[in-house]
Amino acid sequence: MIKSIQTGMIALSLLAIMSSGLSARDKKKDGSVHPNSEKWENLFKNDLSNATFPKGIWTCDNGVFTASEDQAIWSAKEYENFKLDLEFKTASGTNSGVIVYCSNQENWIPNSVEIQIADDFAKQWAESPKTWQCGAIFGHLAPTKSLVKKPGEWNRYTITCKGKMITVALNGEIVSHMNMDLWTNTKTNPDGTDIPSWLSTPFNQLKTKGYIGLQGKHAGAPVWFRNVKIKELKAEK
């Protein structure tokens, strides 16, 4: 018992150290954590010709992507080291997500990392575990604070993936930073909180190259995306 407590304290200390040094390192001189992504590559073309999804589910109208059912839309190729910059808008009760490192589109839930999108103003999500709320790395790491805007307003995500390191910025602030190597089992997170049973692959065993996806109309509530931009990064030596 003492050994397990000590191990947990060490893991939490590592998380605190990484988070404390992160904001200063990742912020630009003007204090912004979001990049100028205007000239980046569009992850999805407006005609959806470079996307994979069930026919008739996803549409794009004036640059805004949305789905009529709970089916994800996937990038045409796999990505490894990258920055993903996008805007999203929730409706009342929205529960969606941005999916990275997906190695199996047909069974993506245990074979990927999901950055959660949720209407935290809705009762069912406001009262859910913190690891289920907007800005979380779903089921594994709670956001440092709630920054999602009310339904109907546009939010901005910048998600940086470099190997096992994932950083999430929401509406101007870094809210999640993860070293996947610290997540070594499928039962509990390093801070002692429970991992949902359906997330059945330890993060330290997940591949760090995969498809990028957007979750569709999950739990009966729609979600909208626009300006979904990506920039591939050089692998760190």
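Every number in this text was worked out from the coordinates using simple rules, so none of it is lab data. Just so it is clear, the model here is predicted, and its values are computed rather than measured. Cβ sites come from the backbone with ideal geometry, for glycine too, and all protein chains shown count toward neighbours.
Let me spell out the model: positive unit charges on the Cβ of Lys and Arg, negative unit charges on the Cβ of Asp and Glu, origin at the Cα centre of the chain. What dipole size does that give, in debye rounded to 20?
It works out to roughly 580 debye.
Report, to the nearest 10°, how far helix 2-26 tilts away from the longest principal axis of the Cα atoms in the chain, using its own Cα long axis and a range of 0 to 90°.
Orientation of helix 2-26: about 50 degrees from the principal axis.
Taking a 28 Å limit on the Cα-Cα distance, which of the listed pairs Lys55/Lys130; Lys83/Lys217; Lys150/Lys234; Lys145/Lys187; Lys83/Lys145 fall beyond it?
Result: Lys55/Lys130; Lys150/Lys234 exceed 28 Å.
Running a GNM on the chain with Cα contacts under 10 Å, which residue among Lys77, Lys149, Lys209 ends up with the highest mean-square fluctuation?
Fluctuation is largest for Lys77.
Can you work out the FRET efficiency for the pair Leu48 and Trp198, with r the C-beta to C-beta distance and R0 = 25 Å, to the nearest 0.05?
Plugging the Cβ-Cβ distance into 1/(1 + (r/R0)^6) gives 0.30.
Between Lys77 and Asp191, how high is the FRET efficiency from 1/(1 + (r/R0)^6) when r is the Cβ-Cβ distance and R₀ = 35 Å? Nearest 0.05.
So, using R0 = 35 Å, E works out to roughly 0.50.
Filter the chymotrypsin sites (Phe, Trp or Tyr not before Pro) in region 160-236 down to the DSSP loop ones having no more than 11 other Cβ atoms within 10 Å, then list what survives.
Trp198
Ranked from highest to lowest mean number of other Cβ atoms within 10 Å per residue, what is the order of the peptides 50-61, 112-123?
112-123, 50-61
What percentages make up the Cα-Cα pair-distance distribution of the chain when the bins are 10 Å wide from 0?
P(r) over the chain, rounded to whole percents: 8, 33, 39, 17, 3, 0.
Could you calculate the contour length gain from Lys209 to Asp181, that is, 0.36 nm times the residue separation minus the distance between their Cα atoms, to one decimal place in nm?
Extra length from Lys209 to Asp181 when fully extended: 8.6 nm.
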